[in-house]
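A short reminder: the numbers here are calculations on the coordinates, not readings from a lab. Values in this document were obtained by computation on a predicted structure and should not be read as measured data. Here the Cβ positions follow ideal geometry from the backbone for every residue, glycine too, while neighbour counts run over all protein chains shown.
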Amino acid sequence: QVRLVESGGGLVQSGDSLRLSCETSGFTFSMFDMSWYRQVPGKERELVALAPAPGLSTTTYADFVQGRFTISRDEDDDAVYLQMSDLRPEDTAMYYCNARYKYYDSNGPSDWGQGTQVTVSS
């Protein structure tokens, strides 16, 4: 059973940093693309960053990241992280970890964590 558990969210001020973590279990981590998404109420969930399975394509970031966030994966601990710096109020959202089998395209099935809330005050 796939399990994704996010942590690290919180309330911070504009310009601060946060590091989100996603601990995983129940699947072969190296065979999955790992992503972070975010969602605010009333809007669709949007991709923040994608770290592909080892040996595949390169890391991808949403345009709004603008060099402020870094996604990384730890193949030994089966975890994925999102280091966020220079946070802005518009980064306020629920952040979700996502795992998708590396041979599925973006429309294929995937698994989600329960989310961790990030709130940035101005």
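Values for this structure:
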item	result
Loop trypsin sites (Lys or Arg not before Pro), region 23-122, which have at most 12 other Cβ atoms in a 10 Å radius of their Cβ (DSSP)	43
Evaluated over region 1-114, the Cα radius of gyration and Dmax, each in Å	13.5, 39
q = 0.15, 0.17, 0.25 Å⁻¹: log10 I(q)/I(0) that the Debye formula gives for region 49-113, counting C-alpha atoms only	-0.54, -0.70, -1.34
Of the GluC sites (Glu not before Pro) in region 8-93, those whose Cβ has at most 13 other Cβ within 10 Å and which sit in DSSP loop	44, 75
